[in-house]
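The values are calculated or read from the model by the stated rules, or taken from the named source; none is laboratory data. Quick caveat, the model's predicted, so the values are computed rather than measured. Positions of Cβ are generated from backbone atoms using ideal geometry, with glycine treated the same way; all protein chains shown enter the neighbour counts.
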Amino acid sequence: MTKTTKFAIVCSSNMNRSMEAHRVLSKKGFSVKSYGSGDRVKIPGPAIDKPNVYDFGVTYDKIFADLCRKDKDLYTRNGILNMLDRNRRIKECPERFQNEKDKFDIVITCEERVYDQVIEYLESQESEFTKPVHVINIDIQDNHEEATLGAFLINELANMLIACDDIDNDIDELLQDFESHCNRSILHCVQFY
Amino acid sequence: MDIKQNIKDPKEQIVEFLNQAVLAKTTDEKLTCLTRVQDLILHHGPELLDSFLDEVLAFQNDRNQEIRRVIVGFLEEACKSEPDVFPKVAVNISFLLRDEAVTVQKRVIQALTHLYPVVLRWLSKAKNITKEMSSAWDWLVRMKGEVIKWLDHDNDGVRTLTNKFYEMVIICQTYRDEESTSKESEFSLDAIPPALKILKPRKLEDEANKLMADLIKFHGSMHISSANLLACMGTLSLIARARPMFMGQVISAMEMLHANLPPTLTKSQVSSVRKHLKLQLLNLLKHPTAIDYLTNITTLLTDLGATQSEVEKCMPKPSDIQRRKQRVPPTPKRTKPDFDDDDDEFLAPKPKAKRAVDPIDYTQKFVKERLSPHVAAEMVIKAMVRLPDSMPPHFSSSYTPIAAAGTEGQIHHVARLLAAQLTAAGLGIDPPKDTDKNLDIWEEDDDDMKSTVSSFIEVDSKKSSLSHLVPAGGIPQAPSKTLKSMKLSEITKPLSAEAKTKMVSGSIIRMYRGEKMLLNVGASNLRNTLVAKMSSLFPDMMHDSLIAFISEDLRIRLDVALSWLYELYSTIMGFFTYASPSSRAFDAYNNVFGRIAGTLIVRNDLKDRDQLLTRLYLEAPMLPEGSVDFLRRQAMSEQCSQAAIDLLKQLVIYRPGRQINYFNALLELCTARKSEVKSQALSAVMGLYEKGEMQQVTEDYAVMYLNFLSLKEPPELVIGDEEGEEPTNQWNEQLAKNCLFLFSALLERDHSRIHELAKIFANAVPDVKRTILKNLDVPLKNMDMESPQLFKLLETCPEGTETFITKVLHVVTERVHPSPVLVEKVREAYKERAADVRFLIPILGSIPKFEILNILPKLVKLTQAALKEVFSRLLTNPIDGLSGPLTPVELLVNLHTIDASKCDVKSLMKSITLCVEDTNTFTSEVIAIVINQLVEQPIMPTLLMRTILQALSLHPKLTGFVLNILQKLLVKQVWKNKVLWEGFIKCCEKTQPQSFSILLQLSPSQIGHVLTMCPSIREPMYSHVMQFPDSQRAHIPNSVVMMLYGAPVDEALQMKDEQYSYEVKTEAHEILEEATNLQSQSYEYDSELTVPGEEAPPGT
């Protein structure tokens, strides 16, 4: 595989984990896109039962402005504004994986629920080209530190993947290596576009 | 390179791009150009395709595989939009299928997967099958045949895509039914017109069924890779949904999979697979046909951990279920006649919807009917034996409790699972060929039945216990295909010895290395045992590596070492049935023990080396012969003598079985050359002795060595003890000390042993005696002055032990005043038995003065050193430093007045000299008093003048005093005593010229004598007289002057003094000579006190 291998990083809201990995991978020159798999974009609010909810497609800019308006202090303190600021430098708005028509070689998900949703979606699509796509899940907790760490892991995995000549053949072993190396359990599945 | 040239005609553009592609230097450029060409061609219709096909195809031999892939893509797209092209490119595709690059091959499979229905449809729609078409079809069939074989290709990716190809072929070559979920546009056998000559639906369908069976077999194969399995599951599920007729097969395949996950999968792969399986089942559940398999699917889902709500969400509506159940089995949809190519025989419509009777179904039914609680319990009990001891981790992670145990549904499910197992193992019951026959035929034949059932239960229990009770995820399992009993020996070849060794050592080494992992699990004990067991089974090959392994981290791995030793010990003792006790095991044990101890001992860097060594020695099942010797040697070495000695001591205490061995080693160390080692060993021995351990042995040993001392020559045992020593057959201090060492320690604790020592002393050679005396201080330092042992010694006083007793007395009285009782005892002993004055020395300070004066002559005879000691004891008290029983004056006077009959002159001279030379005690004043007192004695002592002369040379300021004395001597008529007279003359010679006036008072004959004795003073005396004024000179007799002046001396002498004999002269001369030369003389006092110095007879 080469740097032209297309990566998709999916988390639930396309805010934190996928964006951090997106940032790292694109900096390293990968062809990468990032997505959310949830129904809507959810951002922690003033209380655990009062999240800020947006539709996919609302730009990071707008969300940023909205949160500033709501409680600039709070969102500065918990790093969300900072995160949004980073996100708007990367792309315009959160995107939903299920709305995407692009075909990828590798889809990396950041939690099991997201993995399920991605698989379910891919599974429901007709296979038009019989083009294999590997869906790989690495569990990453949804906080800044873990996101940073996770992005490194994803970067490492991406490096391993593109260094591989025949990914379809070697993926099993490669993932086993990676798994034992990063000491996290990995889910993997082959789907077809 | 500008590729965006504005050329309007697509043809020209294509030409341009193709040219650029040919000239392009990089792959990327080439790719871009070709993609553009593809776009242009496909968008502008078939005529362009025709004209440029060959040009594009020229790239199919490009060296770059990416380019070739693009070409495949181009061909695929071309055929899709213009199936007519296919015949032209079929050869090319077939060529590319055999490409050397796997990526290209994969791309071709991908293309074929999509071309297959395209071509089928194209053929189906054709009005006339041309030659071209049939040849194209032939090509396709040939390629299909090739791809189909690739289900067991080496490459995982190829297999994955082959899977998809199967899917497409199966779907295309089967009939749709009303419940098919796939798109209507999808190709199916329904689309093939019956009249088509080259496509025969029945053949195609048969092939599809066969492919389906292959696919299911692939799905259930043991060594399928995770990625393949995931893809295959997806494929099967898709087929089941598109072709519900396969639903049953697919569901049983999934049940099989669930029960028999491939053993090669890792833990996380298992979870991926289970997850995927769950997803696929949920997808199937949504399908209307699934209603028939509702219980199967839901039970499976529950087993996979799906929640109730998840299941319910996908469940068909109850109304649908109701409706479906009432519905008659679907009637065969296809009623079209099937024509055969060769004959026009009309074939009766075949009931398509009737599902093939699945062997699993059949077996299941069989099992279910017999699965009574009793049989179930029987199976569980039989299987119990084969369960692993502890729950495998993957079991607990994937196990979900059985929610509905005992219900009809669950029994059904268990039966199904068993049936799946049985079928997989090749033990399933094949459905009878005649499906019309009721299954109950089994019931009819009772006897037959019973035997079959029992055999099945037997097999069941075996099967389930072997592996299937434990869900897959790690334990390899290989169900045998047939009932035929397998003999391992028949199908295996014996390994070569080399390979065996390699494998054994490899596995053991891996076991060693698994240390950390096992520590976490807490199984390290088991592992230790296992490693030890393996190692002891293969002693020769494993020693080196295991010892190396253990040495790496002795702290942690000592346990392994100990287990190993125990293992070997058990072998030696014959505790095992698999290994017979042999001397080899014994050697192995000794070897292992020795090597571990050896490695341990050199690890000075290890902080707790000593503890580890102690553990090794104390915990090992037995200690080899050499191990004690090893410790003994270590004790001699620099680094770890203390540790080794401590260890020996502990061994004596904690390993009582052979404690005598260890103790002997300790005892031997007590006679080691190195004093440090010796004292450590001794303290260990004495520590044990005081604890009451081995007392008798210690004593015997000490006495044995003590007895050596009475021998004339040291015995072998004592000499040849240590390396690097010159063997000698003479006692020396070192040897004697070694023999005495242990006994001294005992003596210190028990003074009654002193008699034994005394006895030995009496018989010992002088060197040994000296050593004994030297080493008495320490053991006796605590001896009580009034110890009965001491008294007993004094009372018995064996012959030859006088010096010994004296030494003992010395030691005892060293720091304290001798007690009256002791003094009494000693005096008693002196008087009654020994009569050796040396006895009295230690108690001199406590003896009355008169007694001292009595024994003084005897004391004087002692050696110079002893004499010194005696004098100092007499003059000062050794303990408090106060004055002793005698003053210096008393001592010196008494020395002078000793009766010559009691003591020889030489000893007296010696002792007086000793006193006088001690100018600190015997100051000039003391000397003056003494001389005065002596001069006043009625009989002046013989040695008086000698002492005066000595005093004169030591204290020159006494000259005046001496002149006075000389004057006094004149008065006392000194010339009458020849010795004194000689001394007088000497004295005058010394004190000239002051003494001249005294000399001149003598008579002329006496002066003549003086001049004869001492001619050297004549000249000075003459000049002295000459200086006199005349009046004074007149008083001097003429004869004297004459004598002073010259020759007539002889005449005067002959006339006057003839009483001096020659002998006397010599005698007196000798004494005086000695006195004058005192300062420069070095004395040699031999030990013999009695010098026969006969007194000269007093004149004639």
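Here are the numbers for this structure:
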item: Meets criteria (buried (at least 21 other Cβ atoms within 10 Å of the Cβ) and either modelled with pLDDT of 70 or more or not charged (D, E, K, R) (or both)) for B:Ile1017; result: yes
item: Flag for B:Thr32 being within 13 Å of chain A (Cβ to nearest Cβ) and in contact (Cβ under 8 Å) with a residue 40 or more places away in the chain; result: no
item: Extreme residue, surrounded by the fewest Cβ atoms within 10 Å (Cβ to Cβ), among residues of region A:85-98 that are in a helix (DSSP H, G or I) and either of a type outside the set (Phe, Trp, Tyr) or within 14 Å of chain B (Cβ to nearest Cβ) (or both); result: A:Arg89
item: Selection from region B:239-279 of residues that are surrounded by 24 or more Cβ atoms within 10 Å (Cβ to Cβ), among the small types (Gly, Ala, Ser) and at the interface with chain A (Cβ under 10 Å from one of its Cβ atoms); result: B:Ser272
item: Unmet criterion (only one of (1) in a helix (DSSP H, G or I); (2) away from chain B (no Cβ under 11 Å); (3) touching a residue at least 40 places away in the same chain (Cβ under 8 Å)) for A:Asp142; result: (1)
item: Helices (runs of 4 or more DSSP H) fully within region B:986-1038 counting 2 or more residues that are more than 17 Å from B:Asn964 (Cβ to Cβ); result: B:1004-1013, B:1018-1027, B:1030-1033
item: Condition broken by A:Asn137, with the remaining ones in (1) more than 11 Å from chain B (Cβ to nearest Cβ); (2) under 24 Å from A:Asn87 (Cβ atoms) satisfied; result: (1)
item: Residue match in region B:97-107 (condition: touching a residue at least 24 places away in the same chain (Cβ under 8 Å) and more than 30 Å from B:Gln20 (Cα to Cα)); result: no
item: Residue that is farther than 18 Å from B:Leu115 by Cα, acidic (Asp, Glu) and modelled with pLDDT under 85, where the choices are B:Glu179, B:Glu186; result: B:Glu179
item: Subset of region B:78-109 (residues that are surrounded by 20 or more Cβ atoms within 10 Å (Cβ to Cβ) and over 60 Å from the mean Cα position of the chain (by Cα)); result: B:Ala78, B:Cys79, B:Pro83, B:Phe86, B:Pro87, B:Val89, B:Ala90, B:Ile93, B:Leu96, B:Leu97, B:Val108, B:Ile109
item: Single unsatisfied condition, A:Gly150 versus (1) of a type outside the set (D, E, K, R); (2) closer than 16 Å to A:His22 by Cα; (3) free of Cβ contacts under 8 Å to residues at least 60 places away in the same chain; result: (3)
item: Within region A:99-128, tally of residues that are in a helix (DSSP H, G or I) and away from chain B (no Cβ under 14 Å); result: 1
item: Any chance B:Pro392 is loosely packed, with under 12 Cβ neighbours inside 10 Å and modelled with pLDDT of 70 or more; result: no
item: Condition broken by A:Lys131, with the remaining ones in (1) surrounded by fewer than 19 Cβ atoms within 10 Å (Cβ to Cβ); (2) away from every other protein chain (no Cβ under 14 Å) satisfied; result: (2)
item: Some residue of region A:134-147 being under 30 Å from B:Lys80 (Cβ atoms) and in contact with a helix residue (DSSP H, G or I) (Cβ under 9 Å, 6 or more places away or on another chain); result: yes
item: Matching residues, region A:165-175, being within 12 Å of A:Ile136 (Cα to Cα) and at the interface with chain B (Cβ under 10 Å from one of its Cβ atoms); result: A:Ile171, A:Asp172, A:Leu175
item: Criterion: within 17 Å of A:Pro132 (Cβ to Cβ) and under 51 Å from the mean Cα position of the chain (by Cα) - qualifying residue of B:His276, B:His223; result: B:His276
item: Residue list for region B:756-807, filter: farther than 22 Å from B:Ala736 by Cα and crowded, with 19+ Cβ neighbours inside 10 Å; result: B:Leu790, B:Leu793, B:Leu794, B:Cys797
item: Residue that is farthest from B:Asp154 (Cα to Cα) [pool: residues in region A:176-193 that are at the interface with another protein chain (Cβ under 7 Å from one of its Cβ atoms) and in a helix (DSSP H, G or I)]; result: A:Glu179
item: Qualifying helices (runs of 4 or more DSSP H) (wholly inside region B:31-125; at least 2 residues being among the β-branched types (Val, Ile, Thr)); result: B:65-81, B:86-97, B:102-125
item: Region B:490-517 - residue that is of a type in the set (Ser, Thr, Tyr) and in a helix (DSSP H, G or I) and, of those, modelled with the lowest pLDDT; result: B:Tyr512
item: Residue check, A:Ile106 in contact with a helix residue (DSSP H, G or I) (Cβ under 7 Å, 6 or more places away or on another chain), farther than 24 Å from A:Thr59 by Cα and of a type in the set (Val, Ile, Thr); result: yes
item: Pair list, Cβ under 6 Å, 6 or more apart: region B:962-979 residue touching a residue at least 40 places away in the same chain (Cβ under 8 Å), other residue surrounded by fewer than 20 Cβ atoms within 10 Å (Cβ to Cβ); result: B:Lys978/B:Val1064; B:Val979/B:Thr942
item: Test result for B:Lys990, surrounded by fewer than 21 Cβ atoms within 10 Å (Cβ to Cβ), closer than 21 Å to B:Leu944 by Cα and of a type in the set (Lys, Arg); result: yes
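For (1) surrounded by fewer than 21 Cβ atoms within 10 Å (Cβ to Cβ); (2) of a type in the set (Phe, Trp, Tyr), each residue gets a yes or a no:
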position	(1), (2)
B:Ala111	no, no
B:Arg121	yes, no
B:Glu132	yes, no
B:Trp139	yes, yes
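Let's see how each residue does on (1) within 13 Å of chain A (Cβ to nearest Cβ); (2) among the polar types (S, T, N, Q); (3) buried (at least 21 other Cβ atoms within 10 Å of the Cβ); (4) more than 60 Å from the chain's Cα centre (by Cα):
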residue	(1), (2), (3), (4)
B:Ser185	yes, yes, no, yes
B:Asn209	no, yes, no, yes
B:Asn228	yes, yes, yes, no
B:Gly234	yes, no, yes, no
B:Ser237	yes, yes, yes, no
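A quick yes/no check of all residues on (1) part of a helix (DSSP H, G or I); (2) within 20 Å of B:Gly145 (Cβ to Cβ):
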site: B:Lys203; (1), (2): yes, yes
site: B:Asp206; (1), (2): yes, yes
site: B:Ala213; (1), (2): yes, yes
site: B:Met222; (1), (2): no, no
site: B:Ala227; (1), (2): yes, no
site: B:Arg241; (1), (2): yes, no
site: B:Phe246; (1), (2): yes, no
site: B:Gln249; (1), (2): yes, no
